[in-house]
Amino acid sequence: MAAPRFVKEFRRRHVFRVAVVYAIVAWGLLQFADIAFDALALPEWSITLLLVVLGLGFPLALVLAWAFDLTPQGVVRTDTVQGEAEPKAGAAAGATDGLVVLPFSNLSADADNEYFSDGVTEDLIWRLCSIGSLRVISRTSAWQYKDRRVGARQIATELGVAYLVEGSVRRSNGQVRISAQLIDAGLDRPLWSETYDRELEDIFAIQSDVASRIATALQRTLSGPEEAGNGGTGEGARSARSARSVGGAGTSDLAAYDDYLRGRFHWNRRSATDLDLSVQHFQRAVERDPDFVAARAGLAEAYVTQAVYGIRPAGEALPLARREAEEALRRDPGQASARSALACVKAVHEWDWDAARALFQHVVRDHPQYPTAPQWYAMNVLTPLGRFDEAVAQLEAARAVDPLSRSIEASFGVVDFMRRDHESAERRFTDLIERQPDFTFGHYYRGLNFLPLDRAEEAVAALHRARDTGGWSAEITAGLGMALAAAGRAGEARDVLARLTGAEPDRYVSPVKIAQLQAALGEVEPALDSLEAGLEAHAADVIWIDVSPVFDALRARPRFQAVRDHVFGEAATHE
């Protein structure tokens, strides 16, 4: 078996190509010398010398071809293939068969069609998840390379993958052109490419064909409904059904599909305005096609996100999320995002911790390519319950398929913060901010983490930076007030409290956020009043009271313990 691998390595390093090119050039030089040397009356031994030089240069050329490669970035040392040895440091497990689908370029005349090219890419990612043995990098990490000029080998190294898919989408007057190619990153050459010029109504068939062609190029088999209707058995079929249950089209109504893509586009942006638009587009998609499961699941996710981000009262958003998730699951019991959304409702709104854990465990087991589930499980169930080691394990599973997600990396820091490992949290948030200077969430939690380290003025600066990058939010504003109180600037902190309690009607402020700032100002009884108001309203952030350091000033009070017991009962633990 060693000989074939050795030959393959020679081919990968272009040694055979260099040998052929060298021989052709050498032969041409000898032919030229035979004519030119006579014309120049050079001695006969000159030809012999040239022949010796060319002969000695041949093995040198092969050695250089083995060790170096000529790339668009210049001459670089050729990477060593590890074969059956340990993976290279920094490469994720499964790098030998990992794949990333890079965001397809929007070549439409209308720049607003970016949502469509993004949606086509995201659907293709979901379809490729049906290749059971293939590790497919999640959307968030893939989008880190959008509009960046980065070589295939660099992307492969950073993500720990062997293959890349890239392409473009052009949409105009009911027509669509989709170009796609599969690239072997090690060889830096395409294994397959195709351009489709079709009617827009053929978009679903094109996506299925691209996924099947890529699978064939990788010498794997797409089994199950992706290739053979509703048939298929075994692991491959289960994986195919799993991928379709995460996303995919699921409708023949092009207008509904268009609204669905717009909904995903805005949901991925996560701002308050974008989440409102996401809800509107998902609602329109469901109105056009009530059986469009992915749109219902997307609507459930959007409602959950609004509640968890403190943009909309949980008592208003989460019952809506439950309704849409249950409707989606009635039509497709295995739908991953609907089940994850329902699990969040069980935890964040209903405090049914056993049911939430069971739902998340099923999703994580059945949909290992879906990073949202383990991240939400870690942050909305395990961390609030004080199960920090389990939370870290789930975040590591999420990071395996979404290695560049700053949200997942920040979640590791939040777990450190909640378990009082403030030095580790500081390192994580500092590193994140160095790489992502405008990452609001990183500045926010870095500011909170400064408070137990008695670095109040640094906390004030970090939270001002969070407000500068993220705009107004009750969460950031309350955090800034706490930092001002810790810095001895009680007057400014009380001004912040007045702004929170007197916020405009369209700006939701959780009573729990008000309780945090009141506690920081030493107003213990008002803080407990606010906390009980949060309990009555089932505010989303009440689930953090048992682990977050910001509630330490209230923790010993009987009224606090009563709230804590109502939310958690005997479910919470501390590692």
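The values are calculated or read from the model by the stated rules, or taken from the named source; none is laboratory data. Being a predicted model, the structure only gives us computed values, none of them experimental. Heads up, the Cβs are rebuilt from the backbone with ideal geometry, glycines too, and the neighbour counts pull from every protein chain shown.
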- [ ] Return a yes/no flag: does region 421-430 have any residue that is modelled with pLDDT under 90, over 23 Å from I543 (Cα atoms) and surrounded by fewer than 17 Cβ atoms within 10 Å (Cβ to Cβ).
- [x] no
Open item on the list: Any residue at all in region 545-554 that's more than 21 Å from S411 (Cβ to Cβ), loosely packed, with under 15 Cβ neighbours inside 10 Å and in contact with a Phe, Trp or Tyr (Cβ under 9 Å, 6 or more places away or on another chain)?
Closed with: no
- [ ] Please work out if V348 is at pLDDT 90 or above and either surrounded by fewer than 22 Cβ atoms within 10 Å (Cβ to Cβ) or under 24 Å from G534 (Cα atoms) (or both).
- [x] yes
Open item on the list: Out of everything in region 487-531 that is within 17 Å of A562 (Cα to Cα) and among the acidic types (D, E), what residue ends up being farthest from the chain's Cα centre (by Cα)?
Closed with: E525
- [ ] Can you run down the residue pairs with Cβ atoms below 8 Å, 6 or more apart or on separate chains, where the first is in region 350-370 and more than 22 Å from E316 (Cβ to Cβ) and the partner is of a type in the set (F, W, Y) and buried (at least 16 other Cβ atoms within 10 Å of the Cβ)?
- [x] W353/F568; R357/Y377; F360/W376; F360/Y377; Q361/Y377; V363/Y370; V363/Y377; V364/Y377
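Table: residues versus (1) at pLDDT 90 or above; (2) buried (at least 19 other Cβ atoms within 10 Å of the Cβ).
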position	(1), (2)
S245	no, yes
G248	no, yes
N268	no, no
T273	no, no
L277	yes, no
V293	yes, yes
Q335	yes, yes
A338	yes, yes
TODO: May I ask you to verify whether T477 is of a type in the set (S, T, N, Q), surrounded by fewer than 20 Cβ atoms within 10 Å (Cβ to Cβ) and modelled with pLDDT under 95?
DONE: no
TODO: Tell me which of these G502 doesn't satisfy, since it passes every other one: (1) modelled with pLDDT under 95; (2) under 21 Å from P319 (Cβ atoms).
DONE: (2)
Task: Sole residue being part of a helix (DSSP H, G or I) and within 20 Å of R270 (Cβ to Cβ), chosen from E316, E287, E327 - done: E316
Open item on the list: Condition (residue is crowded, with 21+ Cβ neighbours inside 10 Å, touching a helix residue (DSSP H, G or I) at 6+ places or on another chain (Cβ under 7 Å) and outside any helix (DSSP H, G or I)) applied to region 389-402: is it met by at least one residue?
Closed with: yes
Open item on the list: I want to confirm something. Restricting to region 37-51 and keeping residues that are among the hydrophobic types (A, V, I, L, M, F, W, C) and loosely packed, with under 11 Cβ neighbours inside 10 Å, which single residue is farthest from L187 (Cα to Cα)?
Closed with: A41
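Yes or no, residue by residue, for (1) basic (K, R); (2) touching a helix residue (DSSP H, G or I) at 6+ places or on another chain (Cβ under 9 Å); (3) in a loop (DSSP other than H, G, I, E, B); (4) not assigned by TED's automatic domain parsing to the domain that holds A109:
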position: I155; (1), (2), (3), (4): no, yes, no, no
position: E166; (1), (2), (3), (4): no, yes, no, no
position: G186; (1), (2), (3), (4): no, yes, yes, no
position: W192; (1), (2), (3), (4): no, yes, no, no
position: D197; (1), (2), (3), (4): no, no, no, no
position: S212; (1), (2), (3), (4): no, yes, no, no
Open item on the list: Can you say whether R135 is buried (at least 21 other Cβ atoms within 10 Å of the Cβ) and either in contact (Cβ under 8 Å) with a residue 40 or more places away in the chain or closer than 17 Å to V210 by Cα (or both), as far as the supplied structure shows?
Closed with: yes
Task: Set A478, A410: member being in a helix (DSSP H, G or I) and in contact with a Phe, Trp or Tyr (Cβ under 6 Å, 6 or more places away or on another chain) - done: A410
TODO: Take region 202-216 and flag every residue that is closer than 13 Å to S252 by Cβ and of a type in the set (G, A, S).
DONE: A205
TODO: Sort out which residues of region 351-363 are surrounded by fewer than 22 Cβ atoms within 10 Å (Cβ to Cβ) and either within 22 Å of the chain's Cα centre (by Cα) or in a helix (DSSP H, G or I) (or both), and write them in order of number.
DONE: W353, D354, A355, R357, A358, Q361, H362
Task: Hits in region 524-543 - residues which are surrounded by fewer than 18 Cβ atoms within 10 Å (Cβ to Cβ) and not in a helix (DSSP H, G or I) - done: A537
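Can you pull out the residues in region 494-508 that are without any contact (Cβ under 8 Å) to a residue 40 or more places away in the chain and assigned to a loop (DSSP other than H, G, I, E, B)?
Of everything in region 494-508, those that are without any contact (Cβ under 8 Å) to a residue 40 or more places away in the chain and assigned to a loop (DSSP other than H, G, I, E, B) turn out to be G502, A503, E504, P505, D506, R507.
Yes or no, residue by residue, for (1) at positive phi; (2) at pLDDT 95 or above; (3) not in a helix (DSSP H, G or I):
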site	(1), (2), (3)
E434	no, no, no
D438	no, no, yes
Y444	no, no, no
N449	no, yes, no
A485	no, yes, no
Open item on the list: Show me the helices (runs of 4 or more DSSP H) entirely contained within region 1-112 in which 1 or more residues are polar (S, T, N, Q) and at pLDDT 55 or above.
Closed with: 15-39, 45-67
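Go through the residues of region 524-542 one by one and say whether even a single one is of a type in the set (A, V, I, L, M) and without any contact (Cβ under 8 Å) to a residue 24 or more places away in the chain.
Of all residues in region 524-542, those of a type in the set (A, V, I, L, M) come to 524, 527-528, 531, 533, 535, 537, 539-540, 542.
Applying the additional criterion that residues be without any contact (Cβ under 8 Å) to a residue 24 or more places away in the chain yields 533.
Scanning region 524-542, I find at least one residue that is of a type in the set (A, V, I, L, M) and without any contact (Cβ under 8 Å) to a residue 24 or more places away in the chain, so the answer is yes.
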Open item on the list: When the residues of region 290-313 are narrowed to those that are in a helix (DSSP H, G or I) and within 25 Å of L535 (Cβ to Cβ), which ends up nearest to the chain's Cα centre (by Cα)?
Closed with: T305
Task: region 138-166 - residue that is of a type in the set (S, T, Y) and over 19 Å from I214 (Cα atoms) and, of those, nearest to the chain's Cα centre (by Cα) - done: T140
